[in-house]
1. How much area per residue is accessible in the range 176-295 when the probe is 1.4 Å and only protein heavy atoms are counted (Å²)?
2. Cβ neighbours within 10 Å, averaged per peptide: list 30-40, 107-117 in order, most packed at the top.
3. Specify which labelled value, from [x] 256; [y] 196; [z] 229, agrees with volume of the Cα convex hull per residue in Å³ derived from the coordinates of the model shown.
4. Provide, as a two-decimal number, the C-alpha radius of gyration of the range 72-184 over 2.2 N^0.38 Å, N being how many residues it has.
5. How long are the three semi-axes of the equivalent ellipsoid of the range 180-237, in whole Å, if each is the root of 5 times an eigenvalue of the C-alpha gyration tensor, listed from largest down?
6. Could you work out Rg/(2.2 N^0.38 Å) for the range 150-269, with Rg from alpha carbons only?
7. Can you list which of the GluC sites (Glu not before Pro) found in the range 14-108 are DSSP loop residues with at most 15 other C-beta atoms within 10 Å?
8. Considering only protein heavy atoms and a probe of 1.4 Å, how much of the accessible area of the chain is carbon and sulfur, as a whole percent?
Amino acid sequence: MSWLDLFTGYLYVLKSIAIVIAVVIFISGLDDLFIDLFYWGRRTWRALTVYSRHEQMNYKALLGVDEKPLAIMVPAWQEHGVIGKMAQLAATTLDYENYHIFIGTYPNDPQTHADVEQVRAHFPNVHSVVCARPGPTSKADCLNNVLDAIFQFEQRSGIEFAGFILHDSEDVLSRLELRLFNFLVDRKDLIQLPVYPLPGHWYQFTRSHYLDEFAETHGKDVIVREALIGQVPSAGVGTCFSRRAIQLLQEEGDGVVFDTKSLTEDYDIGFRLAAHGLQGVFVRFEDLPAAMQGHDGHSVRNAQIGVREYFPDRLSLAVRQKARWVVGIVFQGMKNLRWSRRPLV
């Protein structure tokens, strides 16, 4: 066998592999094509029909609703140097008065607890919750401890919170976030805001790839999902649960709201609430006045109420985070939630 025959065989094998890969990519891309076609078709139809007859809601409509008590829940494990700044920024920039921030720390993480105590000394609506077990535990376990502390606070103070909001320690909150939750929480049981990764330097490719991912997910995918099936997944941050939702989850879980066995307990909740007929909504509110933009020190090209945060800038951290998402959403989700009989779900 000559070298020409070997080279010809090599090219044939390479061609076969390329054809198989091309077919796989084509099949994999059909769902993306469907989402794109549906999204742009829906957007065009709404522009020609809905928005041609009705004006989009102005931010001033949010200001005319009486403030209901809202609780912000923040789990914090080894967030020294971060959580204090986050809580202080939220307490000084949110355009809302009737709210409380509950931050879950751990007995073996004194530095994070000290940061929270410093903020709590200046802002009476910031509360420190020390978890029962040493860390690190799961985010769900920390949130369950925070919820227990919130219920005890309600009994002592006589306050009954209308909404329970999830945030992480690195989140930068929009100034009108709570007013938007306050406007919707009586009608919707899960309210999800867009999440926007803050850009880093041009050479931080690991962090920057989140920009494209979330632009696609919260720019189109979730919107299409809500339009087709009416179900909205929680992103784990920028999510507000109604009191009805929390009580239902508490009853369903025998007193435990967040599933400590799930790696993506926030994502699962959207399905659990939808199964009971509770309504969720994904909100892109694009009428934020210029005076209320950029309070986090970053320019805001699209004036939306949403959550902004820095995502991992190291490959190992990104792989760990993505692995948790894949295992929790795909494998645990398939095991716990099962396949639905509805073709679109």
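The values are calculated or read from the model by the stated rules, or taken from the named source; none is laboratory data. Every value quoted in this text rests on a predicted model; they were computed, and no experiment measured them. FYI the Cβ positions are ideal-geometry reconstructions off the backbone, even for glycines, and counts take in every protein chain you see. Just so you know, the surface numbers come from the protein's heavy atoms only, side chains and all, with ligands and any DNA or RNA stripped out. Shrake-Rupley method; radii C 1.70, N 1.55, O 1.52, S 1.80 Å.
1. Value returned for the range 176-295: 41 Å² of accessible area per residue.
2. 107-117, 30-40
3. [y]
4. Normalised by 2.2 N^0.38 Å, the Cα Rg of the range 72-184 equals 1.00.
5. 27, 14, 7
6. Its radius of gyration relative to the 2.2 N^0.38 Å reference: 1.20.
7. Sites meeting the loop and neighbour criteria: E55, E67, E97.
8. About 58 percent, which is the carbon plus sulfur part of the accessible surface.
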